[in-house]
1. Suppose we filter A292, A244, A284, A288 for residues that are of a type outside the set (V, I, T) and open to solvent by less than 40 Å² (accessible area, probe 1.4 Å); which single one remains?
2. Select, from A27, A38, the only residue that is in contact with a helix residue (DSSP H, G or I) (Cβ under 8 Å, 6 or more places away or on another chain) and either open to solvent by 10 Å² or more (accessible area, probe 1.4 Å) or small (G, A, S) (or both).
3. Only one of (1) in contact with a helix residue (DSSP H, G or I) (Cβ under 9 Å, 6 or more places away or on another chain); (2) modelled with pLDDT of 95 or more; (3) within 23 Å of I146 (Cβ to Cβ) fails for L340. Which number is that?
4. Would you check if V47 is aliphatic (A, V, I, L, M), in contact with a Lys or Arg (Cβ under 9 Å, 6 or more places away or on another chain) and open to solvent by 10 Å² or more (accessible area, probe 1.4 Å)?
5. Taking only segment 139-158 into account, find how many residues are out of contact with any Pro (no Cβ under 6 Å at 6 or more places or on another chain), touching a residue at least 24 places away in the same chain (Cβ under 8 Å), surrounded by 17 or more Cβ atoms within 10 Å (Cβ to Cβ) and farther than 18 Å from A116 by Cβ.
6. Can you name every residue in segment 322-372 that is part of a loop (DSSP other than H, G, I, E, B) and either more than 26 Å from D52 (Cβ to Cβ) or of a type in the set (D, E) (or both)?
7. Right, D382: more than 27 Å from L75 (Cα to Cα) and open to solvent by 10 Å² or more (accessible area, probe 1.4 Å) or not?
8. Filter segment 159-209 for residues that are over 13 Å from the mean Cα position of the chain (by Cα), charged (D, E, K, R) and open to solvent by less than 20 Å² (accessible area, probe 1.4 Å) and give the result.
Amino acid sequence: MIDVGAAVQPLGIASPVPMSGFAARTAPSTGEHDELGARALALDEAVIIAVDVCVLEESTCRTIAEIVRPDQPDLVIVTATHTHAGPCSAPHRLTPCTPEIERTIVRAAATAGLAARAARRPCTVALQSAHGVGVAKNRRHTEREIDPPVRMVRFSSEGRVAAALVSYPCHPVVLDGTNQLLSSDYIDAVRRRIELEHPGAVAVFTTGCAGDVNTGHRAEASYRLEGSSTRTFAEAERVGTAIAEAALSSTPAPVELDGLGICSRPVMLDFDLPTGQQIEADLAAWIAERPAAEAGRAALLDIWIRWARHRPGGTAWRGRISALRLGGLTIVTLPGEPFLDVAAAIEVQVEGTCLVLGYADGCPGYVPTAGEYRYGGYEVEDAHRYYGMPGPFAAGSAETLVEEAMTACRAVG
């Protein structure tokens, strides 16, 4: 058995508030569709916290960790669910948030983490895993079939499920950029369905390596403010319910426990910096295009122009990865938006079942696998400007994540 606790704390962010995730959407939220929150899962001395926002910066995650475990902050992992229907949540990335919003997020996440630690009790562990969900699509290569599993780790006490850690790799962008209601997107339906099946349980959803995965549209769709009949709250409900039903219908497999091991390692990823000449040429082209651009494109061009005029410095980004081992189950947490093949490269090398989570302990942008750079596109060529990074990550960065993750996995057995 292992001591497990879980807790939920509402973020307490009310409309109107600037929203994050779609560069073309400049209008604030007009209301709340579902309650955003921070959900925490305490596993022995470690804590995983999932926050219903698009991204969190490393410093924000560290502040939360130091409040929850001031003695050992490296035992706290803070992830963003990556909903694109949440408030601006990063002080310097995407559309920056205010200091007050950041403090509100820190307060909610830390409160959830502390409450989860206080609620710990001995639990057994079981794993449910299912393919054939039929939701995730490779948004860069529509001809490629993918079938990532949904995985749910159940923690039970006295015969009842007390908590569940659920993970699936799919961008929470069922809702398009015309939506102005705060929401966790399809994730809300996933959690509600699992908690309906297990009354009294807390479902903690963590998004997997979804950098190139959504429900079937190109990332460039975020450049436009056009509504879609297939990107609605009804569709988010259908998608989330399908993910939850797939997990719930699978047969639970007991996880044999021999304690919890955890290893956290620093990682450094180099940028592929554009030349000053290239930036000046791009800037001139964007300025020339701006007057005749439609609204969504104009908003994007404004971001690119600001980036070119005030480009941040630096040649590399520093963050961390972590690995947790619970008997035959390994949980790997990665920063940023790794592509799905990053998870596959880790899972195939880990003995037993492995869950690979993205958006953890900081999100500085996309991390494509080396083979994807020749295709270009938003994730490779453009997204770093919205993220406020000096350039895209250099080819080989994803492979560095894999290498460091495997070093951490070997350290925990």
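The values are calculated or read from the model by the stated rules, or taken from the named source; none is laboratory data. Note that the coordinates shown come from a computational prediction; the quantities given were computed from them, not determined experimentally. Note: ideal-geometry Cβ built from the backbone for every residue, glycine included; neighbour counts use all protein chains shown. Accessible surface areas use protein heavy atoms only, side chains included; no ligands, DNA or RNA. Shrake-Rupley method; radii C 1.70, N 1.55, O 1.52, S 1.80 Å.
1. On the way: A292 fails: open to solvent by less than 40 Å² (accessible area, probe 1.4 Å); A284 fails: open to solvent by less than 40 Å² (accessible area, probe 1.4 Å); A288 fails: open to solvent by less than 40 Å² (accessible area, probe 1.4 Å).
Result: A244 is the single residue among A292, A244, A284, A288 that is of a type outside the set (V, I, T) and open to solvent by less than 40 Å² (accessible area, probe 1.4 Å).
2. Details: A27 fails: in contact with a helix residue (DSSP H, G or I) (Cβ under 8 Å, 6 or more places away or on another chain).
Of A27, A38, the one residue that is in contact with a helix residue (DSSP H, G or I) (Cβ under 8 Å, 6 or more places away or on another chain) and either open to solvent by 10 Å² or more (accessible area, probe 1.4 Å) or small (G, A, S) (or both) is A38.
3. (1)
4. Details: aliphatic (A, V, I, L, M): yes; in contact with a Lys or Arg (Cβ under 9 Å, 6 or more places away or on another chain): yes; open to solvent by 10 Å² or more (accessible area, probe 1.4 Å): no.
Against the criterion (aliphatic (A, V, I, L, M), in contact with a Lys or Arg (Cβ under 9 Å, 6 or more places away or on another chain) and open to solvent by 10 Å² or more (accessible area, probe 1.4 Å)), V47 does not qualify.
5. 4
6. At the first step, the residues of segment 322-372 found to be part of a loop (DSSP other than H, G, I, E, B) are 327-328, 334-336, 339, 348-352, 358-359, 361-365, 368-369.
Listed by number, the residues that qualify are G327, G328, V348, Q349, V350, E351, G352, D361, T369.
7. Working: more than 27 Å from L75 (Cα to Cα): yes; open to solvent by 10 Å² or more (accessible area, probe 1.4 Å): yes.
Answer is yes for this residue.
8. The answer is D176, R191.
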